[in-house]
Amino acid sequence: MPSMKGLYMPFVLLLVLGCLGGIANGARHLATRGADNPGPDTFIRYQFPSVVVLGDYAYIDGGEIFSRVNGTGSEASTSAHTVSTTLSLGLNQSWTNETVALRSIPKAAPLLSRQIYWINHGIKTFYTWGGMASGSASPPANELWRFAADGSGGGQWFQVPQGDYLDFSRLVRPVGAAFTQSADVGYALGGEVTSKTDTSIQKDDPGYALPGLVSYNFETGQWKNTSSAEYQGYGTSLNARAEYVPFGPNGLLLFLGGAEAPVDAEAGNVDQISWDTLTLHDPVTGKWYTQATTGTRPPTVERACSVGINGPNNTYEIFMYGGVSDHTGNASSEVYVLSLPGFVFFKSTSDGTPRRDHDCAVVGKRQMLSVGGTDGGRDSNSSAASPDPWKQGLGIFDMSKMEWTKSYDSGAADYESPAVLDEWYRRGGMDFVSWKSDEVKRLFINGTSTTYGGGRNSPTSNPSDGTQQSTLPTGAIVGSTVGGVLVLTSAGVIIFSMLRRRKRRRHRPRNTIDSTIEEYRPEPWPKSDPWRSPTPGAMSSPTPVEIDDTTPVEMYTRHAGMNITRAELDITPVEIDSKPVG
């Protein structure tokens, strides 16, 4: 009869092996977290990061990390790997880019770079879609994922089930799309598809340029794909930026920079887009608009970052940093601000460091956080050999002072438009805006008041001139003075009469609305919270523009001429989000 000890030995062995396996997996996870978060001493570069702000935390996701291993000096070797966790940093306390501690959060979602990110502030969630596989990896199945924040710098990833799977299945995963959002709808214009973004595509970069404006409703889970034929020459957009600006009855999508190309893009037919004229889109009516710009415009640029913020006096400012330009062939270190409704550009006198393939977000009340990026030129895919001048790849730009710093100030004052913008409006800049049409003007001017920026506009001063001079002859000045006295006297009599009539009418109920000229304001959305979209939360999803199904060139679908093979469905089990859509 075998001993009891002999019978238990296999079970003990399995238990020991299981524990060793768990320890090994834990060690690998800790090693991954360390590689994703190397710290200021061993950090070199962070390429293709994305940054999202939810509450008191900024979440950094995706991309590739370059760091030093086996030492910190010049003799250390360089390690490059795909970031496999989501990082977070706190915003409720001040820090410098050398002292800030980043937290690593396990990630169940596919590991991709340059994805689309949309934020649902109501449920403290952000969604990711699109992007490209890194290195030699093959792109995974086309899926939508969401990260649910826990309010303390952590969170969890879930795959989002698709209620209208047929519509979603017609989309191919893009990279380099210009994306933005309203309170409850995300938008993505263009982008491209390559063998690194979708298994059904056999073409390498630059791949196929995608026409079409895709939208995703956070509340209903509905996807739509509308025509972008009126955008530029081809209806395509590559590596551009988009901002949702609070003007007009529905808000507007504003597209910035980037390039365009025919669907079958080649290196020689990709053209960067001029800043002379900007394109806007009303996502509810489906109308497209253009408007000319003035001021110190940026050079044409792709792969820049941008943020938008409400000004305190009826303006909206968009700050843009970096990118790579065909004009110079190099990465840019410059910061520009576009002020609306003036459609005027200004350049900051405080440059950052040259970088592309980075990302930015508004943090605190008046600061822009820049994360990662490389300093390679137009034809460079990587700049790992050039260490980032900023510790951990983090830079802070004070948007009110228009200057860079290495520290984040959690107690910074409210945002104020830079002095140069206030001066432009004060000196009558709006009087010299050349509107494309009355319809465009009505989207941005809500009445006849001339109050913008820091003060009242002066109708006799030209903002392009540094001096204010009178051009009236002496006789006209004397006549104007006498006339002014008479006008003031008459005005006094009229006001006295009105006050007497108002006393007699005080007992009457108000049954009509006073006919007053309202001061300009970019529609009735709150301006005090820079984290939330300025669009009303009750805004309905955009009305779709009907498109002929026989014209696939206007859709984010597989176009004629694409060399496509149908990939097998991925049946690998994943954790499915059981919560309601939204």
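The values are calculated or read from the model by the stated rules, or taken from the named source; none is laboratory data. Everything numeric here is computed off the predicted structure, so don't read it as measured data. Cβ coordinates were reconstructed from backbone atoms using ideal geometry, including for glycine residues, and neighbour counts include every protein chain displayed. Calculation scope for accessible area: heavy atoms of the full protein, side chains included, ligands and nucleic acids excluded. Shrake-Rupley method; radii C 1.70, N 1.55, O 1.52, S 1.80 Å.
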If you check G154 against the conditions, is it of a type outside the set (F, W, Y) and either open to solvent by 30 Å² or more (accessible area, probe 1.4 Å) or on the phi > 0 side of the Ramachandran plot (or both)? no
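Matching residues to (1) in a loop (DSSP other than H, G, I, E, B); (2) of a type outside the set (G, A, S):
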residue	(1), (2)
T197	yes, yes
G221	yes, no
S228	yes, no
G233	yes, no
T279	no, yes
Q291	no, yes
T300	yes, yes
Scan the range 57-69 and tell me whether some residue there is open to solvent by less than 40 Å² (accessible area, probe 1.4 Å) and farther than 20 Å from H358 by Cα. no
Are any of the residues in the range 371-378 part of a strand (DSSP E or B) and open to solvent by 20 Å² or more (accessible area, probe 1.4 Å)? no
Do you know which residues across the range 137-147 are in contact (Cβ under 8 Å) with a residue 40 or more places away in the chain and in a strand (DSSP E or B)? R146, F147
Residue, farthest from A58 (Cα to Cα), within the range 339-357, restricted to residues that are in contact with a helix residue (DSSP H, G or I) (Cβ under 8 Å, 6 or more places away or on another chain) and part of a loop (DSSP other than H, G, I, E, B): G342
Which one of these is at pLDDT 95 or above, part of a loop (DSSP other than H, G, I, E, B) and in contact with an Asp or Glu (Cβ under 7 Å, 6 or more places away or on another chain): S400, S386? S400
If we scan the range 145-158, do we find a residue that is among the basic types (K, R) and at pLDDT 95 or above? yes
How many residues are in contact with a Gly (Cβ under 9 Å, 6 or more places away or on another chain), among the β-branched types (V, I, T), surrounded by fewer than 21 Cβ atoms within 10 Å (Cβ to Cβ) and part of a loop (DSSP other than H, G, I, E, B) if we restrict to the range 83-133? 1
Options V172, V185: the member that is of a type in the set (A, V, I, L, M), at pLDDT below 95 and surrounded by 17 or more Cβ atoms within 10 Å (Cβ to Cβ): V172
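Yes or no, residue by residue, for (1) closer than 21 Å to S325 by Cα; (2) out of contact with any Phe, Trp or Tyr (no Cβ under 6 Å at 6 or more places or on another chain); (3) in contact (Cβ under 8 Å) with a residue 60 or more places away in the chain; (4) surrounded by fewer than 20 Cβ atoms within 10 Å (Cβ to Cβ):
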site: N239; (1), (2), (3), (4): yes, yes, yes, no
site: P249; (1), (2), (3), (4): no, yes, yes, yes
site: L252; (1), (2), (3), (4): no, yes, yes, no
site: G257; (1), (2), (3), (4): yes, yes, yes, no
site: D264; (1), (2), (3), (4): no, yes, yes, yes
site: A267; (1), (2), (3), (4): yes, yes, yes, yes
site: T279; (1), (2), (3), (4): yes, no, no, no
site: G286; (1), (2), (3), (4): no, yes, yes, yes
Considering F343, F432, which residue is under 19 Å from the mean Cα position of the chain (by Cα) and among the aromatic types (F, W, Y)? F343
Taking the range 157-169 and keeping residues more than 30 Å from Q93 (Cβ to Cβ), in contact with an Asp or Glu (Cβ under 9 Å, 6 or more places away or on another chain) and open to solvent by 20 Å² or more (accessible area, probe 1.4 Å) leaves Q159, P161, Q162
Six or more apart or on different chains, Cβ atoms under 9 Å: show the pairs whose first residue is in the range 344-367 and within 10 Å of G322 (Cβ to Cβ) and whose second is among the basic types (K, R) and crowded, with 23+ Cβ neighbours inside 10 Å. R356/R303; D357/R114; D357/R303; H358/R303
Would you confirm, using the coordinates I've provided, whether F168 is within 30 Å of V245 (Cβ to Cβ), touching a residue at least 40 places away in the same chain (Cβ under 8 Å) and in contact with a Leu (Cβ under 9 Å, 6 or more places away or on another chain)? yes
Over the range 288-301, the set of residues within 28 Å of A419 (Cα to Cα) and open to solvent by 10 Å² or more (accessible area, probe 1.4 Å) is T290, A292, T294, G295, T296, R297, P298, P299, T300, V301
Answer yes or no as to whether E334 is under 27 Å from D388 (Cα atoms) and open to solvent by 30 Å² or more (accessible area, probe 1.4 Å). yes
Hey, can you tell me all the residues within the range 401-432 that are touching a strand residue (DSSP E or B) at 6+ places or on another chain (Cβ under 8 Å), farther than 22 Å from K391 by Cα and aliphatic (A, V, I, L, M)? V420, L421, M430
